[in-house]
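K.L.:
I have a structure here, written as structure tokens, and I will follow up with some questions on it.
Derivation of every value follows stated rules applied to the coordinates shown; laboratory data play no part. Worth saying up front: this structure is predicted, and the values here are computed from it rather than measured. Cβ atoms come from the backbone with ideal geometry, glycine included; neighbour counts cover every protein chain shown.
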Amino acid sequence: MDKVLGQSVPRLEDPPLITGRGRFAADINFPHQLHMRVVRSPHAHAEIRSIDTQEALALPGIHGVWTASDIPDIGPVDLRADRAAEVLKPYRQPVLAKGRVRYVGDPVAAVFAEDPYLAEDGAELVAVDYAELPAIVSVDDPLGEFAPGVGTEVAIIPYSYGDTEAAFAAAHAVVELDLLTGRHSGVPMETRGAIGRYDAAKDILELHGAAKVLHRNKETLIRMLGRKPSGLHLYESHVGGGFGIRGEVYPEDVLVLAAAQRFGRPVKWIEDRHEHLMCANQGRQQHHWARMAVDAEGRILAMEDTFHHDQGAYIRTHGVVVPNLTMCLFTGLYRVPAYRARAHVRLTNKTPCATYRAPGRYEASFVRERLMDAAAAKLGMDPIEIRRRNLITKAEMPYTIAFDEPEAKDGEIDSGDYALLLDKTLAHVGWDSLGPELARRRAQGELVGAGIGMFLEEGGLGPSDGARIAVDTEGDVEVITGGASLGQGFETSMAQICAEALGVDYRRIRVIHGQTDRIPYGIGAHAARTTVMTGNAVHATALAVRAKALDVASEILQTPGDELVIADGTVTRRGRATGPSITLGEIAAFLAPASKNRGAHAPGLNAEEFFNTTETVFPYGIHFAVVRIDEETGHVAVERFVVAYDVGRAVNPMLVEGQLVGGCIQGLGGALYEEFAYDPHGQPLAVTFADYLMPTAAEVPDVEVLLTEDAPSPHNPLGIKSAGEGGINGVGAAIAGAIDAAISTPGAVTQLPVSPQRMRELLRDRQA
Amino acid sequence: MKPAAFEYHAARSVEEAVATLAEVAPDQGRILAGGQSLVPTMAFRLATPEHLVDINGIEELGRLAVEDGVLSIGACVRHAAFHRPVTDGGLGAILTFMAGHIGHYPIRQRGTFCGSLAQADPSSEWCLAAVTLDATITAQSTRGRRTIAGADFIQGIMTTALEDDELLVETRIALPAADTRFGFAEFSRRAGDFALAMALVSFRLSGGVMHDARLGIGGAEDHPRRIPQAEAALDGQPPGSQAFEAAAAAVAAALDPMEDAGTSAQYRRELAQCLARRALESAAESAAA
């Protein structure tokens, strides 16, 4: 196999998964394990007057019941991001509620039992006396108290540059919008799970069922539990989806570890779907007041946005990353001379929020692209033309978005040819004929229209990741990374990168990830950085192994190293396949520690290298939607959806396509179906799959992917950019534009998701 | 989502089932047929029956037959049994079409027609069929057998005329006249979701006008029911948009729809009106052959 990088080779991960031999969190069992059930608050906001655990403890099979007073030495779940921000610390979530509960689902007590049924029986017998308090349900409600003397507005964060005031004063036209994004989240097929085990013989505390950012979570858990770095390890098994929400440290992870250590027995907790929909991180809910100034030709002069960010009940591990991400790339692919944004981060008595795939970006793209559509309507311009006119050009690259605020991270865009992608998108959809065709159908009474959402992404945030690679005497390769696999094809893509650099069949490469006892560092799988960071680390390491192999082979084959090539694991002279050769396995044997031939070479055919960067990468995309609306029922059918995306360079186009299609469908969920609604008392209304409506195959079109590689990143040797979030980012924006077009009412959509009932209301407004 | 403890009884005959049920009914004993509604409710511990009487092993309850002009559906006949028409003509075809709207394929392999009636969810397709087509429901207990008309059987949300110690053993639907035309339309958020509203209609034609019109609406109110004002707007009229619009308007006027957090009464009323008309249009098209 000559060329494997960039090829859509089959996934290495699949055989166990498609033959039912996968091992997910629920499949992990240890002898003598206990099962944990969490008693959760039924109220959105209440004082805990008392908790009586006697009846539960008296039930046969119940091993223990904990409340906050049983774990006085364990602090709240610590921040991973924004750790230095003192202002956030009072808002962290206790592992078990102390004195007050702040959302329906807030953990109040933990029951440990011999089996999961008994654990639920015991949980029902824990008697908690609550005194209800008024709940803050809307982010626009008057501010209240999180705790005595601590308000519910956590922070007001500004991002700005340029003179917006002057720009608005001089504008030819100003558009102003009031927009809402609904609360939804990543809902992986596998719910969370955590199995704590204390290995007393080795004095190591183990967390199984971990995911996403194991090394970072290890740091958090060490701090919280007072363990030494060598005395706590995390283990990832198969993971049935993450999407940003799975694999953060949650109260349950801390509980199973503390209990395993105290009881001396393994403790297993598997989240049920009902819990998942109440307790796992949610996201997206923001209320924006945005405006934009344009000149007479539709050129953007300035953008302004103030928004309320619904953080839910606590600040979780991500700190205030989401509102920051909403603001930092708000201006998108456009040249915006002046910009001013302000985030009000507010707590409500609802499930806490954090990052969900394209965090902050989905929201920002909805708002920005709504502004573009509104400006086009106001000026009587074509929505595509106004966008084209404002695109940052290829000649302007690299392009820097520098903010006035010293703590705001500047956007240093590495590369991009946005106009080219727009041309390619329009050519792909056949816009020259599709546009008139849609107009003709509308003229015949159909409610059908197209919308577009253009967006900038950022990924590959460093600063550093490493890898270790070793070739064994059979010529098989082990690549040890600190990456994580959430189902995205991590093993395959890392194997491809290694195979290409080293010259071996990618199927002979075993990729290790998600085991903190195998490698002391790792960037995990988050914020679209795995392929860029870990991929380039694997690349650098594979090149080092290759250099060592060639060095030794040159000696053995008596040939200068630069005349040697490695293909399919065998070193030969260039152009002489039949001449003298040596396999990588033989070289590994030659380099064995006890080998008599090794001479001065360091033992083993292996290497450890790092990829360091202070730069990030900026992939970009265009989403294009065609919708058809049933005027009577309000049903919105998505006839076509195109994801055009420049990934710089695709390690495996099939895997990138999978990422983009999956993300797109989640985006359609947020645009049309999924919503974590709450009643006026803060009771969640979507706690089963009958109420939280994820789109199924019946609701979505065959998503068309237009993957381009026109703007490789100059910031890493492979030129790759990130792919995890490009499928979802602009979906809300494109669907909103398409609905407006279908009902010939610019600016109609001001809120996501557009349920059929809301659609009917828009249609009634239109008739009125 | 682990159910509370319960005692499981596997009945081998209807007599044994009702005898056991009589014994355990005071302790929240429940019949287990397909379990597609009951078991999830138990998993949430919203239902905590102390006894389950499993009737799946009773062979005679799996009986699905057409004889003497009557379609008989035993207590254990699955939704999937209707994937293909169970009888010639419009009735078999419409039941097949309706079955396709029930949940998803695996659910239809397990859930039962009679179980849907006993559950009496307002959005149940089979409850709408039972009411609109005047089904007769047979209940049995140690006290004997009795029959209940479909319209009397379903009394409200999850409320039926069935006593705690009664087993719904069979539903019977009289075969309609061969020239009867049927139409059904439903709206749900996603394929397989509970309907927000649905309409089942039938009528016969003679001399170019409709008669014996039936029009039932489900999903909109707390239980499905026929709308006599709409039926009156059809009888004696030629099929066509004028009569269909009038019947649909009568539906909208007659309904007192449910409201919930996500769905207003107005929206449900609009849906019911639209679906009544669409069901009528499809009936007009269906057996035009």
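K.L.:
Along the charge dipole of segment B:63-174, Cβ charges K/R +1 and D/E -1, which of B:106, B:86, B:169 sits furthest on the positive end?
P.N.:
Farthest towards the positive pole: B:106.
K.L.:
Once amide H atoms are placed 1.01 Å from N in the peptide plane, what residues at a sequence separation of 5 or more from residue A:639, or on another chain, have their amide H within under 5 Å of its amide H?
P.N.:
A:626, A:627, A:628
K.L.:
Can you pull the mean other chain C-beta count within 10 Å for peptide A:689-698?
P.N.:
Values: counts 1, 4, 5, 0, 5, 1, 2, 5, 1, 4.
Partner Cβ neighbours, averaged per residue: 3.
K.L.:
Could you name the aspartates and glutamates in cross-link range of residue A:89, using Cα to Cα under 12 Å and dropping any fewer than eight places away on the same chain?
P.N.:
A:78
K.L.:
Restricting attention to the alpha-carbon atoms of segment A:28-71, what are Rg (one decimal) and Dmax (integer), both in Å?
P.N.:
13.4, 39
K.L.:
Then there's this: For segment B:256-289, list residues with backbone N below 18 Å from a point placed 7 Å from the Cα of residue B:245 toward its Cβ?
P.N.:
B:270-282, B:284
K.L.:
Shifting gears a bit: Give me D for segment A:415-465 in µm² s⁻¹, whole number, from Stokes-Einstein with Rh from the Kirkwood sum over alpha-carbon pairs, 4 °C and 1.567 mPa s. Write down the numbers at each step before the final one.
P.N.:
Working: Rh = 13.9 Å.
Answer from the Stokes-Einstein relation: 93 µm²/s.
K.L.:
In peptide A:270-278, how many Cβ atoms from other protein chains are near each Cβ within 10 Å, on average?
P.N.:
Working: counts 1, 1, 4, 2, 3, 1, 0, 0, 0.
The shielding value for this peptide is 1.
K.L.:
Next question. Quick one: angle between helix B:89-99 and the longest Cα principal axis of chain B, in degrees between 0 and 90, rounded to 10, please.
P.N.:
For B:89-99 against chain B, the angle is about 60 degrees.
K.L.:
Counting Lys and Arg as +1 and Asp and Glu as -1, each charge on the Cβ, what is the dipole of segment B:63-174 about the Cα centre in debye, to the nearest 20?
P.N.:
340 debye
K.L.:
Counting pairs of alpha carbon atoms under 8 Å apart in space and at least six apart in sequence, what relative contact order in percent does segment B:63-174 give? Please list the in-between numbers first.
P.N.:
Details: 199 pairs, mean separation 31.4, N = 112.
About 28 percent, as a whole number.
K.L.:
Explain nothing, just the number: dipole magnitude of the protein assembly as shown about its Cα centre with +1 on each Lys and Arg Cβ and -1 on each Asp and Glu Cβ, in debye rounded to the nearest 20. Please report the intermediate quantities before stating the final value.
P.N.:
On the way: 97 positive and 137 negative charges, 337 e Å.
Computed charge dipole of the protein assembly as shown: roughly 1620 debye.
K.L.:
I would also like to ask the following. Once phi is turned into θ = phi - 60°, what whole-Hz ³J(HN,Hα) does the Karplus curve with 6.51, -1.76 and 1.60 give for every residue of segment A:702-713, x standing for Gly and Pro?
P.N.:
6, 5, 8, 10, 10, 9, 10, 10, 7, 9, x, 6
K.L.:
Say a paramagnetic label sat at a point 7 Å from the Cα of residue A:474, along Cα to Cβ; which residues of segment A:503-539 have their backbone N under 18 Å from it?
P.N.:
Zone members listed by number: A:504-512.
K.L.:
Same structure again: Below 8 Å between Cα atoms, with a sequence gap of 6+, how large is the relative contact order for chain B in percent?
P.N.:
Working: 664 pairs, mean separation 43.6, N = 289.
Across chain B, relative contact order equals 15 percent.
K.L.:
Out of residues 5 or more away from residue A:447 or on other chains, whose amide H comes under 5 Å of its own, with H placed 1.01 Å from N in the peptide plane?
P.N.:
Here A:629 satisfy the definition.
K.L.:
Let me ask something else. Taking just the alpha-carbon atoms of chain B, what radius of gyration and Dmax come out, in angstrom?
P.N.:
19.1, 63
K.L.:
Further question: What percent does the relative contact order of chain A come to when contacts are Cα pairs within less than 8 Å and at least six residues apart? Before the final figure, lay out each step's value.
P.N.:
On the way: 1937 pairs, mean separation 121.5, N = 768.
Relative contact order comes out at 16 percent.
K.L.:
Which aspartates and glutamates, if any, have their Cα less than 19 Å from the Cα of residue A:202, not counting same-chain residues under 8 positions apart?
P.N.:
Residue A:202 reaches A:517.
K.L.:
Inside 10 Å of the C-beta atoms of A:710-720, what's the mean count of C-beta atoms belonging to other chains?
P.N.:
Details: counts 0, 0, 0, 0, 0, 0, 0, 0, 0, 0, 0.
For peptide A:710-720, the averaged partner shielding equals 0.
K.L.:
May I ask you to sort A:507, A:628 by Cβ crowding, counting other Cβ atoms within 10 Å and putting the fewest first? Mind dumping the intermediate values first?
P.N.:
Details: A:507 15, A:628 18.
With the fewest neighbours first, A:507, A:628 line up as A:507, A:628.
K.L.:
Which number do you get for Rg(Cα) / (2.2 N^0.38 Å) in the protein assembly as shown? List each step's numbers first, then the result.
P.N.:
Details: Rg = 32.0 Å, N = 1057, 2.2 N^0.38 = 31.0 Å.
With N residues counted in the protein assembly as shown, Rg over 2.2 N^0.38 Å equals 1.03.
K.L.:
Further, regarding this structure: Just how large is the dipole of segment B:181-286 about the Cα centre, in debye to the nearest 20, putting +1 at every Lys and Arg Cβ and -1 at every Asp and Glu Cβ?
P.N.:
Here segment B:181-286 has a charge dipole of around 220 debye.
K.L.:
May I pose another question? Relative to the longest principal axis of chain B, what angle (0 to 90°, nearest 10) does the C-alpha long axis of helix B:241-254 take?
P.N.:
Between the helix axis and the principal axis of chain B, the angle is about 50 degrees.
K.L.:
Seen from all sides and averaged, what is the projected area of the convex hull of the Cα atoms in segment B:63-174, in nm²?
P.N.:
For segment B:63-174, averaging the hull's shadow over all directions gives 6.6 nm².
K.L.:
What's the long-distance tail for segment B:181-286, i.e. % of Cα pairs beyond 19 Å? Walk me through the numbers before you get to the answer.
P.N.:
Numbers: 1956 of 5565 pairs.
Of all Cα-Cα pairs in segment B:181-286, 35 percent lie more than 19 Å apart.
K.L.:
What are the semi-axes of the equivalent ellipsoid for segment A:461-612, taken as the square roots of 5 times the Cα gyration tensor eigenvalues, largest first, in whole Å?
P.N.:
On the way: eigenvalues 165, 49, 32 Å².
Those come to 29, 16, 13 Å.
K.L.:
For segment A:676-768, which trypsin sites (Lys or Arg not before Pro) are in a loop by DSSP, counting at most 15 other Cβ atoms within 10 Å?
P.N.:
Values: sites: A:721, A:758, A:760, A:764, A:766; in loops: A:721.
Here no loop site has a sparse enough neighbourhood.
K.L.:
If you don't mind, there's one more thing I want to ask. From the Cα trace of segment A:340-470, what convex hull volume per residue do you get, rounded to a whole Å³? List each step's numbers first, then the result.
P.N.:
Values: hull volume 33.6 nm³, N = 131.
For segment A:340-470, the hull spanned by Cα atoms encloses 257 Å³ per residue.
K.L.:
Follow-up. Picking from A:604, B:39, A:671, whose Cα lies most toward the positive end of the charge dipole for the protein assembly as shown (charges on Cβ: Lys, Arg +1; Asp, Glu -1)?
P.N.:
Farthest towards the positive pole: A:604.
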